[in-house]
Structures are given as C-alpha cells and as structure tokens.
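Heads up, the thing below is written out as structure tokens.
The values are calculated or read from the model by the stated rules, or taken from the named source; none is laboratory data. Predicted model only: the values in this text are computed from it and were never measured. Glycine gets a Cβ as well: all are built from the backbone with ideal geometry, and neighbour counts include every protein chain shown. These area figures cover heavy atoms from the full protein model, side chains too; ligands, DNA and RNA do not enter into them. Shrake-Rupley method; radii C 1.70, N 1.55, O 1.52, S 1.80 Å.
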Amino acid sequence: QVQLVESGGGLVQAGGSLRLSCAASGVFIGAYGIGWYRQAPGNQRELVAKSSTSGRTNYADSVKGRFTISRDSAKNMMYLQMNSLTPDDTAVYYCNVDTFAREYWGQGTQVTVSA
C-alpha cells in the first residue's frame with residue numbers, strides 16, 4: 001500500500017522560510033517522477049515543482065528562484081524548500097509521485113504566510 005505523508009507546514013511571516021517533507025512508503029521514489037502541488041481556497045490545484053529521475057526540474061514561474069525541490073532516495077523522502085515566502089504562497093501543499101501507471105498523493109499540509 002502506497003502512502004505519502006507530508007509534514008513541515010505551518011504559519012510563517014512574509015519573507016520567512018519553510019521546508020516541507022514528504023515521507024513515502026510502499027513506493028520507491030527514486031524510480032519515479034516526483035512533484036509538489038498546492039491548492040489555495042477557491043483555486044484549482046496547481047503545480048509548484050517537479051523533478052524527474054534524471055534530475056530535471058520544473059518550477060511554476062511564481063516560485064522560481066525561491067523554492068527548491070529535492071529527494072533523498074536512500075530515505076525515500078522528498079522535500080520542498082521554500083524561501084522568501086509571500087501571502088500568495090498560502091495554500092495546502094501536496095506531494096505527488098507519478099509511477100506512470102498512476103499517481104499518488106499525500107493528504108496535504110497547510111502553509112499560511114502572514115503579511
């Protein structure tokens with residue numbers, strides 16, 4: 001059974017930083033593409049960052065230069081380092097693993113950035 005569990009969300013002031021973590025079980029993330037998505041109230045879920053197994057990364061324009069996606073395959077963990085946060089970054093953040101056959105999602109972690 002595949003399970004993804006996010007942690008590291010919380011309340012932070014604008015300009016601050018947070019590091020989100022996602023612990024995977026039942027799937028080896030080193031073999032698949034990974035990603036972080038977010039959904040703000042009233043909005044659709046959107047891609048924040050993704051990383052292929054070759055290390056190629058893609059970021060939403062709104063987070064380029066501020067956020068960094070990474071993985072530790074030995075620990076079966078993925079991370080999202082978020083710097084210079086703004087209130088527009090407030091959302092529920094979800095980790096994602098794409099195994100080609102299907103995608104798996106975590107339950108989400110709330111990030112709130114105060115002005």
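Would you kindly derive the ³J(HN,Hα) couplings of region 68-82 from the backbone phi angles with the Karplus curve 6.51 cos²θ - 1.76 cosθ + 1.60 (θ = phi - 60°), listing them in order in whole Hz, with x for Gly and Pro?
These are the phi-based 3J(HN,Hα) values: 9, 9, 8, 9, 10, 5, 5, 9, 6, 10, 10, 9, 9, 8, 10 Hz.
Take the alpha carbon atoms of region 69-86, find their center, do the same for region 14-36, and report the distance between the two centers in whole angstrom.
If we compute the Cα centre of each part, the gap is 5 Å.
Computing the accessible area with a 1.4 Å probe over protein heavy atoms, can you report the carbon and sulfur percentage for the chain? Show your work: numbers first, answer last.
Working: 2790 of 6050 Å².
The nonpolar share, carbon plus sulfur, comes to 46 percent.
Which whole-number value in Å² is the accessible area per residue of the chain, probe 1.4 Å? Could the numbers behind the result be given before it?
Numbers: 6050 Å² over 115 residues.
Spelled out: the 1.4 Å probe surface of the chain, per residue, equals 53 Å².
From the phi of every residue in region 99-113, what ³J(HN,Hα) in whole Hz does the Karplus formula 6.51 cos²θ - 1.76 cosθ + 1.60 yield, where θ is phi - 60° and glycine or proline is x?
With coefficients 6.51, -1.76 and 1.60, one gets 8, 6, 6, 6, 9, 10, 10, x, 7, x, 9, 7, 10, 10, 10 Hz.
With both bridge residues required to lie in the chain, what share of the DSSP beta bridges run antiparallel, to the nearest 5%?
Values: 38 of 42 bridges.
Just about 90 percent of them are antiparallel.
Apply the a/c threshold of 1.5 to the C-alpha gyration tensor of the chain and tell me whether it is rounded, prolate or oblate. Walk me through the numbers before you get to the answer.
Working: a/c = 1.78, a/b = 1.64, b/c = 1.08.
Judged from the Cα gyration tensor, the chain comes out prolate (a/c at least 1.5, a/b above b/c).
What dipole magnitude, in Debye to the nearest 20, does region 30-115 give about its Cα centre under +1 on Lys/Arg Cβ and -1 on Asp/Glu Cβ?
180
What is the log10 of I(q)/I(0) for region 1-68, computed with the Debye formula using one identical point scatterer on each Cα and no solvent, at q = 0.18 Å⁻¹?
-0.87
Taking every pair of distinct Cα atoms and averaging 1/r, then inverting, what Kirkwood hydrodynamic radius in Å comes out for region 55-115? Working shown, then result.
On the way: mean 1/r = 0.0756 Å⁻¹.
Kirkwood hydrodynamic radius for region 55-115: 13.2 Å.
Name the residues whose placed amide hydrogens come within less than 5 Å of the amide hydrogen of F67, ignoring near sequence neighbours (fewer than 5 apart) on the same chain.
N83
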